[in-house]
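A short write-up of the structure that comes next.
The values are calculated or read from the model by the stated rules, or taken from the named source; none is laboratory data. Values in this document were obtained by computation on a predicted structure and should not be read as measured data. As a convention, Cβ positions derive from the backbone with ideal geometry for all residues, glycine included, and neighbour counts pool all protein chains shown. Please note that ligands, DNA and RNA were not included when accessible areas were found on the heavy atoms of the full protein model with its side chains. Shrake-Rupley method; radii C 1.70, N 1.55, O 1.52, S 1.80 Å.
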Amino acid sequence: MKLALIGLGTVNRGLLELLLEKKDILLKEYNFNPLITAISDPVVGSIFSEKGLNIEEILSLLQKENNIGNYSDGVKGWDSEKTIKEANADTIVEATPTDLETGEPGLSLLRTALSNKKNIVTTNKGPIVLAYRELRDLAEKNEVIFRFEGTVLSGTPVISFVESNFKGIEIKEVRGIMNGTANYILTKMEIGLSYEEALKRAQEKGIAEEQPEADIKGWDAAAKIVIVANVLMGGNLKFKDVSIKGIDTVRENDIIKALQERKHWKLIATAKKTEGKIIASVAPEILSDQDPLSKITGSINAINFTTDILGNIMVSGPGAGKRETGYALLSDLLYINESRRM
Ligand SMILES: NC(=O)c1ccc[n+]([C@@H]2O[C@H](COP(=O)([O-])OP(=O)(O)OC[C@H]3O[C@@H](n4cnc5c(N)ncnc54)[C@H](OP(=O)(O)O)[C@@H]3O)[C@@H](O)[C@H]2O)c1
């Protein structure tokens with residue numbers, strides 16, 4: 001496989017590190033030995049090299065200079081559009097910032113990639129929330145593969161888990177803790193921290209961003225429930241169809257009162273099929289300690305699927321992180337590699 005990496009922030013760096021760390025096992029067990037022919041990032045730098053880039057050199061430059069401009073070979077300075085069209089890659093690894101209003105820059109880049117018959121792996125929620133069906137159809141028309149595991153719980157398998165294991169099974173309802181920052185804050189408030197102190201601690205630990213609104217106000221969880229509903233439940237929801245309430249309305253007293261009754265506040269994203277329609281929401285809920293989601297603490301995420309044949313099945317694991325989300329890309333790349341060999 002020939003790859004072009006678009007965006008060289010946390011996630012694509014995580015992928016590069018894993019490709020290096022797991023090089024031998026990927027080749028031996030999965031016959032996977034990809035060539036990275038290009039990287040494009042407006043700040044960190046862009047390089048194209050027909051013969052492939054040396055991952056060790058790229059990682060070393062990133063560590064020393066946080067820039068790849070001094071790479072020893074190749075053509076420098078191509079923008080992402082040109083890289084996608086001309087870098088001779090068959091698969092585009094897209095990890096640019098999420099924008100839930102416009103989907104850009106990712107949405108245009110994914111359209112370009114699919115129209116140019118490139119497979120895609122991405123962790124960017126924006127384009128999937130706004131244009132899943134369009135992108136899926138474009139991939140089908142151009143006979144390429146389009147994967148986006150990392151848009152739900154980073155590397156914790158959700159989309160591939162359902163695809164491979166729920167054959168013939170209907171999902172009636174999904175309930176999940178889909179935002180690690182919100183869950184971390186609620187967990188810390190249970191041991192006595194105020195909302196503000198818990199948020200500050202999350203920011204210090206790198207769990208919450210400097211601008212935490214998307215997590216706190218429930219927008220990130222809403223994006224994920226739209227993806228789950230549309231991709232795994234056959235829905236056609238738009239972001240605005242989700243009723244959204246964040247955790248910023250939950251106060252210390254609410255938490256203490258619930259705890260006295262052995263209950264726990266959690267930010268719950270739900271998608272439920274009712275009379276052929278899917279209704280989705282994100283809101284803080286009080287869960288009894290009998291509810292398995294009440295046991296999910298800290299920055300861990302979980303999704304519970306209520307199915308017609310197997311009843312409830314829960315998947316739980318990390319929902320963010322460099323290595324974890326890098327793994328989402330790697331697992332999607334392995335899926336494409338496997339499909340090409342069949
Ligand atoms: N980090 C996680 O744990 C995680 C988990 C799940 C999903 N995701 C998603 O994965 C994506 C990447 O996340 P990240 O943490 O790696 O973000 P990041 O560290 O901000 O990296 C994104 C990189 O893409 C660059 N970029 C912006 N516009 C571009 C363009 N047109 N072409 C090429 N590169 C461009 C950015 O440059 P500037 O800095 O100049 O904008 C930045 O260097 C996001 O959509 C995020 O929501 C992340």
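Counting only protein heavy atoms and using a 1.4 Å probe, what share of the accessible area of the range 1-68 belongs to carbon plus sulfur, as a whole percent? Kindly include the intermediate steps, with their values, before the conclusion.
Values: 1600 of 3290 Å².
Answer for the range 1-68: carbon and sulfur cover 49 percent of the accessible area.
Order ARG147, ARG13 by their accessible area, 1.4 angstrom probe, all chains in place, largest first. Walk me through the numbers before you get to the answer.
Details: ARG147 20, ARG13 45 Å².
Heavy-atom accessible area, descending, gives ARG13, ARG147.
How big is the equivalent ellipsoid of the range 48-159 along its three axes, where each semi-axis is √(5λ) from the Cα gyration tensor, reported in whole Å from largest to smallest?
Numbers: eigenvalues 137, 59, 34 Å².
Ellipsoid half-lengths, sorted descending, are 26, 17, 13 Å.
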Which sequence of ASP308, ASP332 reflects their accessible areas, 1.4 Å probe, from the largest down?
ASP308, ASP332
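If you roll a 1.4 Å probe over the heavy atoms of the protein chains, what accessible area per residue do you get for the range 132-211, in Å²? Can you show the working numbers first?
Working: 3730 Å² over 80 residues.
I get 47 Å² per residue for this part.
Report the FRET efficiency, 1/(1 + (r/R0)^6), for THR249 and ARG133, where r is their Cβ-Cβ distance and R0 is 35 Å, rounded to 0.05. Present the calculation step by step, with values, prior to reporting the outcome.
Working: r = 33 Å, r/R0 = 0.96.
The pair THR249/ARG133 has a calculated efficiency of 0.55.
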Ignoring ligands, DNA and RNA, please state the percent of accessible area on the range 118-211 from carbon and sulfur, probe 1.4 Å.
44 percent
As straight-line cross-link partners of LYS141, the qualifying aspartates and glutamates (C-alpha separation under 18 Å, not fewer than 8 residues apart within one chain) are ASP90
Taking only protein heavy atoms and a 1.4 Å probe, what accessible area per residue, in Å², does the range 252-305 have with all protein chains in place?
53 Å²
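If R0 is 45 Å, what FRET efficiency do you get for ASP73 and ILE313 from their C-beta distance, rounded to 0.05?
0.40
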At 0.36 nm per residue, minus the direct Cα-Cα distance, what do ILE191 and ASN142 gain on full extension? Give it in nm, one decimal, please.
12.3 nm
Rounded to whole angstrom, the alpha-carbon centroid of the range 108-131 lies from that of the range 193-246 at a distance of 22 Å
Debye log10 I(q)/I(0) at q = 0.12, 0.15 Å⁻¹ for the chain, Cα point scatterers
-0.87, -1.25
Sketch the reach of a paramagnetic label on ASN236 as a point 7 Å from Cα along Cα-to-Cβ, and name the residues of the range 137-173 whose backbone nitrogen lies under 15 Å away.
137
In debye, nearest 20, what is the charge dipole magnitude of the chain about its Cα centre with +1 on Lys and Arg Cβ and -1 on Asp and Glu Cβ, if you could check?
560 debye
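Of TRP219, TRP265, which has the most accessible area and how do the rest follow, probe 1.4 Å?
Working: TRP219 105, TRP265 45 Å².
If we order TRP219, TRP265 from most to least accessible, we get TRP219, TRP265.
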Roughly what angle does helix 180-190 make with the longest principal axis of the chain, taking Cα atoms, 0 to 90 degrees, to the nearest 10?
30 degrees
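Once you have the Cα-Cα distance between SER160 and LYS51, take 0.36 nm times their residue separation minus that, and quote the gain in nm to one decimal. Each step should come with its number before you reach the end.
Details: separation 109, 0.36 × 109 = 39.24 nm, distance 3.21 nm.
Between SER160 and LYS51, full extension yields 36.0 nm more.
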Sequence-separation-based contact order of the chain, relative, with Cα cut under 8 Å and 6+ spacing, percent
20 percent
Choose one of GLY218, VAL158, ILE145: the residue whose Cα lies farthest towards the positive end of the charge dipole of the range 139-226 (beta-carbon charges +1 Lys, Arg; -1 Asp, Glu; about the Cα centre).
VAL158
Mean-square fluctuation maximum in Gaussian network of the chain, Cα pairs under 10 Å, restricted to SER40, SER154, SER194, hits SER194
Only helices counted: for the chain, with every DSSP H run of 4 or more residues adding -39500 (n - 2.57) and the sum spread over all residues, [θ] at 222 nm is -12500 deg cm²/dmol
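Average the reciprocal distances over every distinct pair of alpha-carbons in the range 54-111, invert the result, and give the Kirkwood radius in Å. Provide the component values of the computation, followed by the final result.
Working: mean 1/r = 0.0747 Å⁻¹.
Here the Kirkwood hydrodynamic radius works out to 13.4 Å.
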Given 102-110, 252-260, the highest-first ranking by average Cβ count within 10 Å works out to 102-110, 252-260
At a probe radius of 1.4 Å, what is the per-residue accessible area of LEU130, in Å² to the nearest 10?
80 Å²
Can you give the accessible area of MET1 in Å² (nearest 10), computed on protein heavy atoms with a 1.4 Å probe?
40 Å²
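Roughly how compact is the range 129-201, stated as its Cα Rg over 2.2 N^0.38 Å to two decimals? Display every interim value, and only then the final one.
Numbers: Rg = 18.0 Å, N = 73, 2.2 N^0.38 = 11.2 Å.
In units of the 2.2 N^0.38 Å rule of thumb, it is 1.60.
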Among GLY69, GLY206, GLY317, whose mean-square fluctuation peaks in a Gaussian network model of the chain (Cα, cutoff 10 Å)?
GLY206
